[in-house]
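> There's a structure below that I have some questions on.
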Amino acid sequence: MAINKDDFSEKIDIGLKANKSHTQFYVRFKIETKEYSKLFDYSDKNWDKRTRITKAKTDAIIFKELSKTKHFAQTAIFDETCTLDQIAEAYFTNECSKTPWRQEKQDAYRLYLQKPLGKKKIKDIRLHDINLVRTSMEQKGYTKQTINGCSPRTIKKILLQTLKPIMQYAYDNKVIDSIPKIELSKHHSKLNKAKKKKVHDAGIKLATLYKAIMHLYYDNPLYRALFLFALYGRRWGEIKTLEWRDINFQKQLYIIRAENNKIGEEQIFELPQPIEEALLDIMDNKKELVFKSPITGQILSTPKKQLTKIKELTDIPELTMHYFRHILVSAMGEVGTAATILSASLGHTNLNTVHQFYLSANHEKASQITNQTIQEITHAK
């Protein structure tokens, strides 16, 4: 169906216009000499005017970014004159599936790698250049939490999980002859190991968290289910991308799809009864995302305000979405749970840790044991 541009007379933003009822939006722009355009139709959404405009602006930005990435990936010439930016765009487009994990790596690239290295020809990037980036990150980050330096975890994500695969992509396509050695400094490697400490009184903390979640969100099944998923070991990235189609109430199972976890493999877990009850109580059409923004319908952002409530009630100020996993591991260890079961229940597949359990990580079986142990801990304390 052809789009009549005259129907879009209300200017919303640069290149973005709406029809008079503000139910349809049309975005148009150029990249070099090529024109891109798209129609966003929200006429079937029960949103007010402000929400539709906000959603249109967000969708337009996303469409522009994706179009830009695709455009330059398609027009890039793969030879030694390519810049890191050109290789990165091609890598993200051609090698990474469209997932939140890809978006996370793209954001990491733009934040820490694009300014110091993006314009350099990839053949001219030396170990010295990479070490300068690492040193800079060790000294200062871009948030209040990293003002005095990024964590080893963040530096690892930038250098080993983002930059190294891009360099490997260039090497595989014969753009460069070798890949510089990329690694953490010895100083940060020690810090990384030092952070892996056992949580003290983890069993008590696990039981306290469970009671706090059930108390605070007795009448709010969405947040009750969300934080219970964290309590049972799921990563925030796995929780926020969970869809209703991933949950099998009949078999009491749920799936973390390959594109939504760092392992890149589909994982099946037992659905604990407390989470099942909360999910069934959520007033929703039971389609698409389970935990979505009530305004945009898109992926929910980190629930910082709700997390603060739990911190205050439990007196666990260090609590984060990831710290739930640390508490769970330590609590399970306190009652003698085998490391192989812990590894598989958390979604790891490293055969060095799960070899004695199964030849491949049996996440479903491990989660059954974990769920039973959590129930015993939370009800006994």
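> Let me spell out the model: positive unit charges on the Cβ of Lys and Arg, negative unit charges on the Cβ of Asp and Glu, origin at the Cα centre of segment 202-380. What dipole size does that give, in debye rounded to 20? The partial results should precede the final answer.
Details: 19 positive and 19 negative charges, 76 e Å.
Charge dipole, segment 202-380, about its Cα centre: 360 debye, nearest 20.
> So what is the relative contact order of the chain, in percent, for Cα pairs below 8 Å that sit 6 or more residues apart?
Working: 478 pairs, mean separation 47.0, N = 381.
Over the chain, the number comes to 12 percent.
> Right, here's the next one. Can you bin segment 1-64 into rounded, prolate or oblate? Criterion: square roots of the alpha carbon gyration tensor eigenvalues sorted a ≥ b ≥ c, rounded for a/c under 1.5, prolate for a/b above b/c, oblate for the rest. The partial results should precede the final answer.
Values: a/c = 1.96, a/b = 1.49, b/c = 1.31.
Note, shape of segment 1-64 comes out prolate.
> If amide H atoms are built 1.01 Å from N in the plane of the peptide, which residues on other chains or at least 5 residues away come under 5 Å of the amide H of residue 300?
293
> Something else about it: Would you please calculate the Kirkwood hydrodynamic radius of the chain over all C-alpha pairs and express it in Å, rounded to one decimal?
On the way: mean 1/r = 0.0423 Å⁻¹.
Final number for the Kirkwood radius of the chain is 23.6 Å.
> Dipole of the chain (Lys/Arg Cβ +1, Asp/Glu Cβ -1, origin at the Cα centre): which of 9, 117, 366 lies farthest to the positive side?
117
> Let me ask another. If r is the Cβ-Cβ distance from residue 51 to residue 7 and R0 is 22 Å, what FRET efficiency results, to the nearest 0.05? Let's see the in-between values first.
Working: r = 21 Å, r/R0 = 0.95.
Computed FRET efficiency for residue 51 and residue 7: 0.55.
> For segment 89-166 and segment 252-320, what is the centre-to-centre distance using only Cα atoms, to the nearest Å?
28
> Can you list residues whose amide H is under 5 Å from residue 243's amide H, if they're 5+ apart or on another chain and H is modeled 1.01 Å from N?
290
> Mind listing the phi-derived Karplus ³J(HN,Hα) values for segment 34-51, rounded to whole Hz, using 6.51, -1.76 and 1.60 with θ = phi - 60°, and x for any glycine or proline?
The phi angles translate into 9, 9, 10, 8, 7, 9, 10, 10, 10, 5, 9, 9, 8, 10, 7, 4, 4, 5 Hz.
> For segment 215-296, which chymotrypsin sites (Phe, Trp or Tyr not before Pro) are in a loop by DSSP, counting at most 11 other Cβ atoms within 10 Å?
Values: sites: 217, 218, 223, 227, 229, 232, 236, 244, 249, 254, 269, 291; in loops: 217, 218, 232, 249, 291.
Filter output for segment 215-296: 218.
> My understanding is that a pair violates if its Cα-Cα distance is over 32 Å; which of 11/157; 64/140; 5/49; 49/140 do that in this structure?
On the way: 11/157 40 Å; 64/140 30 Å; 5/49 20 Å; 49/140 41 Å.
Cα-Cα > 32 Å for 11/157; 49/140; rest within.
> How big is the charge dipole of the chain about its Cα centre, in debye rounded to the nearest 20, if each Lys and Arg gets +1 on its Cβ and each Asp and Glu gets -1 on its Cβ?
Values: 63 positive and 44 negative charges, 255 e Å.
About 1220 debye.
> Further question on the same structure: Would you calculate a helix-derived [θ] at 222 nm for the chain, using -39,500 (n - 2.57) for each DSSP H run of n ≥ 4 and dividing by the full residue count, to the nearest 500? Intermediate results must be reported in sequence, preceding the final value.
Working: 17 runs with 181 residues, N = 381.
Calculated at 222 nm, the ellipticity per residue is -14000 deg cm²/dmol.
> Pick from 203, 347, 336: which residue has the top mean-square fluctuation in a GNM of the chain where Cα pairs under 10 Å get a spring?
336
> Among 178, 42, 147, whose Cα lies farthest out toward the positive end of the dipole of the chain, if unit charges sit on the beta carbon of Lys, Arg (+1) and Asp, Glu (-1)?
In the chain, that residue is 147.
> Quickly work out the residue 114-to-residue 71 label distance, labels modelled 7 Å from Cα along the C-beta direction, and quote it in nm with one decimal.
Inter-label distance under the simple model: 1.4 nm.
> Same structure again: Which residues make up the longest stretch of the chain clear of GluC sites (Glu not before Pro) that lie in a DSSP loop with no more than 10 other Cβ atoms within 10 Å, not counting the sites?
Values: sites that count: 32, 318.
Excluding the exposed sites themselves, the longest stretch runs over 33-317.
Since every read-out is calculated from the coordinates, none of them should be taken as a lab result. Model, not experiment: these values are computed from the prediction. Note: ideal-geometry Cβ built from the backbone for every residue, glycine included; neighbour counts use all protein chains shown.
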